[in-house]
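Working notes, beginning with the structure itself.
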Amino acid sequence: MIDQIRKRAGLSLLSNSDLSDQAVMRKLIREERRHEFVAEHKRYFDILRWKIAEDVLNKNAEGINSNQNDLIGDWTKPRFLAQNRKFEKSKHYLWPVPQSSIDKNKNLLPQNPGW
């Protein structure tokens, strides 16, 4: 499947040595997903599922389009701080249970840790 995506994008196909090691293959799949789904809002959930959020999401996010009239993805523009992020491993892998849901069903308590 990765080769089908890479072929469509005009990229080189994977070699047999890439497929012989589970750790290498996992890294390749994660990289492919990072590039292929960049604008499809899947990256965040991949990061949570793979339990790498404390590494990936503890870095500030930079942007390049500070002016909405700039071309999208204009890499000639200077970077700026887009988001100051802090991921708390003990809290942020789970989301809070909404109060409206708790009001309907008290069995949802206790709340998720940290919330």
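Observations, loosely collected:
- Other residues whose C-beta falls under 15 angstrom from the C-beta of Arg43 contribute a net charge of +2, scoring Lys and Arg +1 and Asp and Glu -1.
- Surrounding net charge for Phe87, when Lys and Arg each add one and Asp and Glu each subtract one, Cβ distance under 13 Å: +3
- Among residues other than Lys77 with Cβ under 12 Å from its Cβ, the summed charge is -2 (Lys and Arg +1, Asp and Glu -1).
- Per residue, the accessible area of the range 50-104 comes to 81 Å² when a 1.4 Å probe rolls over the protein heavy atoms.
- Potential lengthening of the chain between Asn112 and Glu31 amounts to 26.1 nm, from the contour at 0.36 nm per residue minus the alpha-carbon distance.
- 20 Å Cα-Cα reach of Lys77 towards aspartates and glutamates, excluding residues that sit fewer than 8 places from it in its own chain: Glu62
- Between amide H atoms placed 1.01 Å from N, distances below 5 Å from Ala82 occur with Ala61, Glu62, Gly63, all of them 5 or more places distant or on a separate chain.
- Cα-centre dipole for the chain with unit charges at Cβ (Lys and Arg positive, Asp and Glu negative), debye to 20: 300 debye
- Compactness index (Cα Rg / 2.2 N^0.38 Å), the chain: 1.45
- Computed lengthening from Leu11 to Leu81, 0.36 nm per intervening residue step minus Cα-Cα distance: 22.0 nm
- Distance between the modelled labels on Ser101 and His41, one decimal in nanometres: 1.7 nm (7 Å Cα→Cβ projection).
- The modelled label-to-label distance between Ala61 and His92, using points 7 Å beyond Cα along the C-beta direction, is 1.0 nm.
- Dipole-positive endmost among Ala39, Trp95, Gln111 within the range 30-115 (Cβ charges, Cα centre): Gln111
- Contact order normalised by residue count of the chain, Cα under 8 Å, 6+ apart, percent: 16 percent
- Extended-chain gain in nm, criterion 0.36 nm per residue less alpha-carbon gap, Asp21 and Arg49: 8.0 nm
The values are calculated or read from the model by the stated rules, or taken from the named source; none is laboratory data. None of the values given here were measured: they were computed from a predicted structure. Here the Cβ is made from the backbone with ideal geometry for all residues, glycine too, and neighbour counts use every protein chain on show. These accessible areas exclude ligands, DNA and RNA; they are computed on the full protein's heavy atoms, side chains included. Shrake-Rupley method; radii C 1.70, N 1.55, O 1.52, S 1.80 Å.
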